[in-house]
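What follows is one structure encoded as structure tokens, with my remarks underneath.
The values are calculated or read from the model by the stated rules, or taken from the named source; none is laboratory data. Everything numeric in this text was worked out from a predicted model, so none of it was measured. Counting neighbours? That spans all protein chains shown, and the Cβs are built from the backbone with ideal geometry, glycine included.
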Amino acid sequence: MSLIEVENLTKVYGAGETAVTALSEVTLRVEVGEFVAIMGPSGCGKSTLLHLMGGLDRPSSGEVVIDGEKLSRLSDEALTRLRRRKIGFVFQFFNLIPVLTATENAALPVTLDGVKPAQAKAQARVWLEKVGLGKRLDSRPDQLSGGQQQRVAVARALVADPKLILADEPTGNLDTRASEEVVGLLRQAADDWQRAVVMVTHDPRIAAYADRILFLRDGVLVEEMHLDQGQTGSADRVMDTMRQLA
Amino acid sequence: MLGFELTLAARELSKRKLRTFLTTAAITLGTLVIFGMNILLPTMLKAFQANLLMASGQVDLTVTLKTGEAFSRSTLTRVRRVPGVSAVSGILSRTINIPDKFYGKTNVAALTLTGIDPSAAQTLRTYTIVGGRFLRSDDPQAAVITQSLADQLGLQVGDKLKVPTTDGAFSFKVVGLLPARTLPGNEEVLITLTQAQKLLDLPDRINTVEANLDTTDPARRQVILDQVAADLGKDYTLGGMSAGSEIMSSLQTGQIAFNLFGFLSLFMGGFIILNTFRTIVAERRHDIGMLRAIGASRRTILSLILVEGLVQGVIGTAIGIGLGYLLGAGIVYLETGLMAQYIHIQMGQPVVTLELLVVTACLGVGVTVLAGLLPALAATRVTPLEALRPPVADAGQRIGRRSFVVGVVFLVLGIAGFAVGGIKLAALGCLAFLIGLILVAPTLVRPIASVFSVLIGLIFAREGTGTIAQSNLVRQPSRAAITASSTMIGLAIIVGMGGLVFSITGGFLDVLQRSLGSDYLVMPPSVGLWKSNVGARSDLADRLRNVPGVAVVSSLRYASASGNGQDVALLGINPTDYARVASLTFQQGDGPTAYAALSAGRGLIANGIFTAQAALKLGDEVQLSTPTGVKPYTVVGIAGDYLNAKISTAYISQASLQADFRKTEDVFIQLNLAPEADPAQVEPRLKDILADYPQFSLVSGRGYVEQNQKIFDAVFGFLFVLLGVLTMPSLIALLNTLAIGVIERTREIGMLRAIGSTRRQVRRMVIAEALLLAALGTALGLLAGLYLGYVMVLGMSVGGYPIHYVFPFAGLVAATAIGLLFGVLAAIIPARQAAHMDIIRALQYE
């Protein structure tokens, strides 16, 4: 059984004449240790797909199963608990709490889960060391660069040992170097720490870090590309495919 | 888990120090007023109660006339005849207000002159003599005083003690000393009963019977007391004294009024909290969404916001309680000296009950948490998706149509209550009107803002600041409305009180002129407290009348009575002379007819308070209880004068007062000079005569009127200062809203600066917004205040102070000025902040 099973997922916004189909009959699977990128032109439904996979939104029809749990059957509370324990999120705008330190921000998911503060912080420190921020543990977000802030966010996504990492344009607000660092961390999460990583991006060079790329157009899954991380030129292949879709 | 919420709350609060301070200050002010006043007033009540208990606890039974007047000695015999009464003694006791400087530098405000029958008194009480000897029946010139009074006046046994009496100042010889007085109350001067009766011009009369009973068995004692009560009839009071209850009831009224003000401040505080937390939630939508996305439950979000409110509530309340204690204890401390000096009451320590502490804490914290609850619930509805959307400032907020409709209904009800009339409906109407205004305020923001922005546009010509300010305000109409509502409440109180004060002063000054328009006034130490003033025998008036150049002399005499079951002060006038020196202000009936009716027999002119209390109208018959039995009097007029405006009073002829109440003592004298008389010659002669009567002072009528006007101005000035303090929360609310607006729009302000706005323009934009907000609050406040003032004047009229409503133009102008001044004051800090913003940082602000 795959870690994520998405079956015939459809999302329609609005009703009647103004109804807009954001996602139509999407089916896919993601395995443990796999890094999947989702690409497509603006408005193709890639973010909607990510939101539905993360239980942030409810589908119009279809089903998302994460680690054997059908999201449609979960209450708001159970869904919240599932997000807290099984999913780690990385957002485009970092979304760190400005008044908390790097350690406290990274510790949030475990703190929210009721872990004692000292232990939660210890866990957070371990992950901050791993993402290379061992020297900025007590810095506030406004004392960190964008790349550093996003690395705190990655540590936060990993701290609760979730099986799945969902990243929504994680490099959208970063320069090239910081982008590469962050996506490198996501790659590491899949390879070294055996997490399933699903990332939405529109940057072919960033997408090229994935094992597999899913292309969406008008809410429909239109193409799937497998990449070999040993090979070069992956980014160009991705760009070609994007051009064909556009 | 709560630890995390506390940490986050503490960090967020310390990040926005100004906002935290202002929000907390709002709560502090409310709890301060409630706590402080509730410490002060019970402490005073307790002092009075302790005083009364101690004073009445000495003998088994005291009998007084309900009216407090003197009565015949025969009552003594009637008490003595009741089986079980073992000893009785008659007393004639009277508080004597002492004029300033009467005893040189030592200030004694009042003494109690007590005439006793030396032998009978000693069968009831044990008098310990610490120097000299006790009184003897054949001792008309002798007095026994306490060691403490002797020390105070520097007297020893054998020295003379001067006391003002109806016969002029009288000198007693101090023959004995009692131990120093430890009880609260005035110092007592014991003299013989016969001498007291002579000096107080009450021959053969007493005003208290003291008695001891032959048993300590409670059941048996009750039987005896019941028998005494039955024998004496309902005109007499048995047991403890009722004096001072008037002070207690006015203290209680004060407590209610201050509590009301405290609740209003807390209410405004609640508004401020509500506004702040709505902003906090709006500001942190992104953070909240993120927390929801990474697994925070709705309950966690709710408690995050509520804990932040709780922290502020707890801190604000704690500071408020602390400052309130200092306020209450400070006033108690300052008053202790005054109270001890003037009424010999020991104030004791401030009374802080656990109950008060708990109630205040619950109110302060409760209001904060309650006000934070709505925004907190809104926060729980923030979806995790909010975290994923790029932050875009809200361009506008929709206004609930339902609250507008409900508000209009309330306004209509309010106006209906006003139109139908009657104090109850008008009061309810006023409340409905206030609620209605608060509810429709959000909808009014847009139209009022556009009207005023035209004005502001004229002032800050062609900079576009007015337009931006207006649209900023309209962007958050309900926040603007909540802020304006708190300004409204503050200003409504000012306009309302202004209406009341102008109505009172307008009416009263007129009455003052009429009542005290005579050339000279011969004044006792305290006007209105007729009972404790020592007057003069009628020969003083005669001597004044005989001074060449004096045309007419008219006096007031006093007795207390009860009419139709209501206590009333009776003033005896000479109907013909009185009309020549002064006049009553008539509401019903007219002067000539009424004065003629007084001359003719048992006629009575009732003032407004007595009319209201006893439910009287012209022509009614009033049953007055007199020392000689119940007598019927006819109401021949409804009218009042200045001196007795606050006291339930009736005017009868001096002839009736003498016949029914045996009173001939003049307590107040007015006189007019002949047209050709020279005041410079007459005045020294009048002063010569009055030198024998130190309790009286000679004042020119015009001088007195002016002096009173000054007192009026001072009292109302103080009142307005107090009200000013109570409007502080509305200033805080304005400041808060503006500061929040600036913080919220940091990025926009950065953009404006980046594309070329000067600091000056940005500052003006904030000031314009402040003025718009203040104008809105002021407009609503004026409306609400006019209604409030009308209701208060109506309430006064129903309570027996008939005054005509005077439209408070000056109050409106003052309130408008205060409202706009608040606007400018509130804008200072936020405008500075906006103008000095670092452009780059502002543009990067999230």
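A few notes on this one:
- Test: residue in segment A:59-67 that is surrounded by 14 or more Cβ atoms within 10 Å (Cβ to Cβ), in contact (Cβ under 8 Å) with a residue 60 or more places away in the chain and in a helix (DSSP H, G or I): no
- Residues being away from chain B (no Cβ under 13 Å) and assigned to a helix (DSSP H, G or I) are represented in segment A:91-104 by at least one member.
- Residues in segment A:135-149 that are modelled with pLDDT under 90 and away from chain B (no Cβ under 14 Å): there are none.
- Per-region count, segment A:67-80, residues at the interface with chain B (Cβ under 7 Å from one of its Cβ atoms) and under 20 Å from the mean Cα position of the chain (by Cα): 1
- Yes/no for B:Asp138 being of a type in the set (D, E, K, R) and touching a residue at least 60 places away in the same chain (Cβ under 8 Å): no
- Residue count for segment B:1-38, restricted to those that are assigned to a helix (DSSP H, G or I) and either in contact with a Ser or Thr (Cβ under 6 Å, 6 or more places away or on another chain) or within 14 Å of chain A (Cβ to nearest Cβ) (or both): 25.
- Every residue from segment B:51-69 that is among the hydroxyl-bearing types (Ser, Thr, Tyr) and modelled with pLDDT of 65 or more: B:Thr62, B:Thr64, B:Thr67
- Boolean, A:Val32 is in a loop (DSSP other than H, G, I, E, B) and either closer than 26 Å to B:Ala296 by Cα or aliphatic (A, V, I, L, M) (or both): yes
- Test: residue in segment A:150-159 that is modelled with pLDDT under 90, touching a helix residue (DSSP H, G or I) at 6+ places or on another chain (Cβ under 7 Å) and more than 9 Å from every other protein chain (Cβ to nearest Cβ): no
- Residue in segment A:3-13 that is aliphatic (A, V, I, L, M) and within 14 Å of chain B (Cβ to nearest Cβ) present: no
- Residue in segment B:305-327 that is within 14 Å of chain A (Cβ to nearest Cβ), more than 24 Å from B:Phe271 (Cα to Cα) and either touching a Pro at 6+ places or on another chain (Cβ under 7 Å) or surrounded by fewer than 22 Cβ atoms within 10 Å (Cβ to Cβ) (or both) present: no
- Odd one out for A:Ala102, checked against (1) of a type in the set (A, V, I, L, M, F, W, C); (2) within 20 Å of A:Ala196 (Cα to Cα); (3) surrounded by 22 or more Cβ atoms within 10 Å (Cβ to Cβ): (2)
- Out of B:Leu624, B:Leu616, sole residue that is assigned to a strand (DSSP E or B), crowded, with 17+ Cβ neighbours inside 10 Å and on the phi < 0 side of the Ramachandran plot: B:Leu624
- Hey, A:Leu50 at pLDDT 85 or above and within 14 Å of chain B (Cβ to nearest Cβ) or not: yes
- Test result for A:Val26, touching a helix residue (DSSP H, G or I) at 6+ places or on another chain (Cβ under 7 Å), over 18 Å from B:Pro384 (Cα atoms) and modelled with pLDDT under 90: no
- Some residue of segment B:170-188 being small (Gly, Ala, Ser), in a loop (DSSP other than H, G, I, E, B), modelled with pLDDT under 85 and farther than 23 Å from B:Arg73 by Cβ: yes
- Scanning segment B:12-39 for residues that are at pLDDT 80 or above and surrounded by fewer than 19 Cβ atoms within 10 Å (Cβ to Cβ) yields B:Ser14, B:Lys15, B:Lys17, B:Phe21.
- Of all residues in segment B:110-130, those that are charged (D, E, K, R) have Cβ atoms under 7 Å from Cβ atoms of residues that are buried (at least 21 other Cβ atoms within 10 Å of the Cβ), 6 or more apart or on another chain, in B:Asp117/B:Ser89; B:Asp117/B:Gly90; B:Asp117/B:Leu193.
- When segment B:737-772 is filtered for residues that are β-branched (Val, Ile, Thr), surrounded by fewer than 20 Cβ atoms within 10 Å (Cβ to Cβ) and over 24 Å from B:Phe21 (Cα atoms), the ones remaining, listed by number, are B:Ile755, B:Thr758.
- Here the condition is being aliphatic (A, V, I, L, M) and either in contact with a Cys (Cβ under 9 Å, 6 or more places away or on another chain) or modelled with pLDDT under 80 (or both); of B:Leu200, B:Leu232, B:Leu213, it holds for B:Leu213 alone.
- Test: residue in segment B:128-138 that is outside the structural domain of B:Ala536 (by TED's automatic domain parsing), within 24 Å of B:Ala536 (Cβ to Cβ) and either surrounded by 17 or more Cβ atoms within 10 Å (Cβ to Cβ) or touching a Pro at 6+ places or on another chain (Cβ under 9 Å) (or both): no
Here is a yes/no grid of residues against (1) closer than 26 Å to B:Ile482 by Cβ; (2) at pLDDT 80 or above:
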{"residue": "B:Leu326", "(1), (2)": "no, yes"}
{"residue": "B:Leu338", "(1), (2)": "no, no"}
{"residue": "B:Val351", "(1), (2)": "no, no"}
{"residue": "B:Leu354", "(1), (2)": "no, yes"}
{"residue": "B:Val365", "(1), (2)": "yes, yes"}
{"residue": "B:Thr380", "(1), (2)": "yes, yes"}
{"residue": "B:Pro390", "(1), (2)": "no, no"}
